[in-house]
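Q: After the structure tokens below, expect a handful of questions from me.
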Amino acid sequence: MISGYSLHSLPEWAMQLFRDMVRARLPSNSVTVLALTRCLPYPFGLHGFLYRVGFAGRESDVSVANCLISCYGKCGEVECAREVFDEMCERRRDIVSYNAMVSCYAQNGLADKVLELYDEIRDSGRVRMDAVTLVSVLSACANLGARALGREIERDISGDRSFNSNLFLKNALINMHARCGDLNRACEIFDCMQEKTLVSWTALISGYGAHGHGRKGLELFERMLSNGIKPDGVVMVSVLSACSHSGLTGKGLEYFEKMESGFDIKRGPEHYACAVDLLGRAGHLDKAWELIRSMQIEPDGGVWGALLGACKIHKNVELGRLAFDHLVEIEPTNVGYYVLLSNIYLDAGKLDDVARVRAMMKKRGLKKEPGCSYVELKGKVHLFMADDHSHPLAKSIYQMINKLETLVNNERGGGNKEDGEESEKVVGFHSEKLAIAFGLLSTEAGKEIVVIKNLRVCGDCHVFLKFVSKIVNRKLVVRDASRFHHFEDGACSCNDYW
Ligand SMILES: [Zn+2]
Ligand SMILES: [Zn+2]
């Protein structure tokens, strides 16, 4: 009966029946409780109740606790989930409990916590990880750019037949390698897969896109189509943004048109956002604006954000302001948009407007998202914030940056060292500079350094890194919020287009 109510989304009725059951002293078991939790949007009321009737707490039923962890995870209550997890006696935790906690962290974007828990599971040696655990962990590695750890996991499972034939794991590996900057390995795994799913193709196409190999991404997409695989909305986002990152405007718009007429996929706001980005980057701001006006569905933050971004590139104040007016309605607390608009004003020399935007941010209690960069060394992830002095090697890191600054200024030829110093003081030491300096200090000469950054690389750092790659004669790879930059011999793979 409780299951029935649950299936028909009648949580109050299910809960009432459960109370009656407890009152009548009828023994309930985990099946009862699981049926109940399935229909509750929010497990708060139930959790306290389960305590009283003995289903929660230290000696709680494992499947009930696992279910509560997942419930809390799904509604974003990470701390509550962790509380239930911690309350469970350690010897009672099974792999499902760990997986519930791992995916709770993963769903809520806490990739570093996922890796922490992974270490805990591995060190305890008590439960055996399964494919579900590893898929979550690999996706956390992908987000953090934790390449060494990802490779270690790949090595660990490569001998295991059941893992080797697991499609989800293979797809997770492709995604991890592509997002950690090793496109070759991603391709190898892809090529060796006997059976490929749409997810496999999507992972590799979006990998090509992020690295600026748009044409290869499109070739792969065409190959996918000729293999008889039907595209979906997700792969189309990868295809369109691959076009956008490589400046393939015409091709991208062609696919955008073909989505509904040729592939029978309904275009969502995310696809319109890609099309606006394509048009906008290519300088067709008027056409982008027309496209938004012609939309049959409500444009979302992504669509207006793409227009705003294009206005920043092409210094269009009027349209930028217009896009921003829509954005504050839709996402009033998204700091990125305020920063973009104030930069548009700054470029146009409209200092009053810059001040106005800053005042607006202040009034709403919004602060710029702090930039941070990760670099991985021997399986450990090192995190740097801007102007960060907390790292044990901070002193040498700053010495290294100063040395590089001087060399870069000499290389730039102007010899205008004072200017350089001054602009650096205004900008401060952005996290990617610290991460690169740390990488240079801690790895052997000639070795490639990979840095993951949460925001976009700024123009200053981009120039700096180009010069540094030439001076130290190393490949520097930076994955920022929008794409990969491969700095080599004084140039970047993005052709200054990001
Ligand atoms: Zn910077
Ligand atoms: Zn670049």
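Q: Identify the residue in region 438-456 that is closer than 16 Å to Gly371 by Cα and out of contact with any Lys or Arg (no Cβ under 8 Å at 6 or more places or on another chain) and, among all such residues, is farthest from ligand 1 (Cβ to nearest atom).
A: This residue is Asn454.
Q: Evaluate the following for Lys453: is it within 20 Å of Met400 (Cβ to Cβ), within 16 Å of ligand 2 (Cβ to nearest atom) and modelled with pLDDT under 95? Spell out how you get there, then give the answer.
A: Working: within 20 Å of Met400 (Cβ to Cβ): yes; within 16 Å of ligand 2 (Cβ to nearest atom): yes; modelled with pLDDT under 95: yes.
Taking the combined requirement at face value, the residue satisfies it.
Q: Shifting gears a bit: Can you tell me which residue within region 371-386, out of those that are surrounded by 12 or more Cβ atoms within 10 Å (Cβ to Cβ) and in a loop (DSSP other than H, G, I, E, B), is farthest from ligand 1 (Cβ to nearest atom)? If you could, list the steps in order and put the result at the bottom.
A: We begin by selecting, within region 371-386, every residue surrounded by 12 or more Cβ atoms within 10 Å (Cβ to Cβ); these are 371-377, 379, 381-386.
Filter once more, keeping what is in a loop (DSSP other than H, G, I, E, B): 371, 379, 386.
Working: Gly371: 8, Gly379: 27, Ala386: 8 Å.
Checked region 371-386; the qualifying residue farthest from ligand 1 (Cβ to nearest atom) is Gly379.
Q: Let me ask something additional. Go through region 244-270 residue by residue and tally those that are under 18 Å from Arg483 (Cα atoms) and not polar (S, T, N, Q).
A: Result for region 244-270: 5.
Q: Which one of the conditions (1) at pLDDT 95 or above; (2) under 20 Å from Asn143 (Cβ atoms) does Ser206 fail to meet, given that it meets all the rest?
A: Only one criterion in (1) at pLDDT 95 or above; (2) under 20 Å from Asn143 (Cβ atoms) is unmet by Ser206, namely (1).
Q: Restricting to region 341-381, count the residues that are within 17 Å of Arg456 (Cα to Cα) and over 20 Å from the mean Cα position of the chain (by Cα).
A: Residues of region 341-381 that are within 17 Å of Arg456 (Cα to Cα), as a first pass: 341-344, 367-375.
Cutting the leftovers down to over 20 Å from the mean Cα position of the chain (by Cα) gives us 341-344, 367.
The total comes to 5.
Q: Another question about this same structure. Mind checking which residues of region 438-486 are under 20 Å from Ala178 (Cβ atoms) and out of contact with any strand residue (DSSP E or B) (no Cβ under 8 Å at 6 or more places or on another chain)? Please lay out each step first, then the result.
A: The first filter runs over region 438-486 and keeps only residues under 20 Å from Ala178 (Cβ atoms), leaving 448-454, 456-457, 475-486.
Passing the criteria: Arg456, Ser482, Arg483.
Q: So the check is Cβ under 8 Å with 6+ separation or different chains; which pairs have a first residue in region 439-450 that's within 13 Å of Val468 (Cα to Cα) and touching a residue at least 40 places away in the same chain (Cβ under 8 Å) and a second one that's of a type in the set (Phe, Trp, Tyr) and part of a loop (DSSP other than H, G, I, E, B)?
A: none
Q: Please determine, by comparing only the residues of region 457-498 that are within 10 Å of ligand 2 (Cβ to nearest atom) and basic (Lys, Arg), which one is farthest from Gly305 (Cα to Cα).
A: Checking each candidate, the answer is Lys466.
Q: Can you name every residue in region 478-497 that is more than 17 Å from the chain's Cα centre (by Cα), within 16 Å of ligand 1 (Cβ to nearest atom) and within 20 Å of Tyr374 (Cα to Cα)?
A: Within region 478-497, Phe487, Cys492 qualify.
Q: Looking for something crowded, with 20+ Cβ neighbours inside 10 Å, at pLDDT below 95 and within 17 Å of Gly145 (Cα to Cα) - is there at least one such residue anywhere in region 395-406?
A: no
Residues are listed down the side, and each one gets a yes or a no for (1) surrounded by 15 or more Cβ atoms within 10 Å (Cβ to Cβ); (2) in contact (Cβ under 8 Å) with a residue 40 or more places away in the chain; (3) within 26 Å of Gly181 (Cβ to Cβ):
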{"position": "His213", "(1), (2), (3)": "yes, no, yes"}
{"position": "Ile229", "(1), (2), (3)": "yes, no, no"}
{"position": "Val235", "(1), (2), (3)": "yes, no, yes"}
{"position": "Glu260", "(1), (2), (3)": "no, no, no"}
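Q: Provide a single number: the residues in region 410-435 that are away from ligand 1 (no atom under 11 Å from the Cβ) and at pLDDT 90 or above.
A: 1
Q: Filtering region 70-99 down to residues that are modelled with pLDDT under 90 and among the aliphatic types (A, V, I, L, M), which residue is farthest from Glu120 (Cα to Cα)?
A: Selected residue: Val84.
Q: A follow-up question, please. Testing Ala275 on (1) assigned to a helix (DSSP H, G or I); (2) under 20 Å from Gly150 (Cβ atoms), one condition comes back false. Which one is that?
A: Here Ala275 meets the rest and fails (2).
Q: Out of Val354, Val375, which single residue is of a type in the set (Val, Ile, Thr) and farther than 30 Å from Ala146 by Cα?
A: None of the others qualify; the one that does is Val354.
Q: For residues in region 165-191 being polar (S, T, N, Q) and crowded, with 24+ Cβ neighbours inside 10 Å, which is farthest from the chain's Cα centre (by Cα)?
A: Top of the filtered list is Asn171.
The values are calculated or read from the model by the stated rules, or taken from the named source; none is laboratory data. Quantities reported herein were computed from a predicted structural model and do not represent experimental measurements. With ideal geometry, Cβ positions are generated from the backbone for all residues, glycine too; neighbour counts draw on all protein chains shown.
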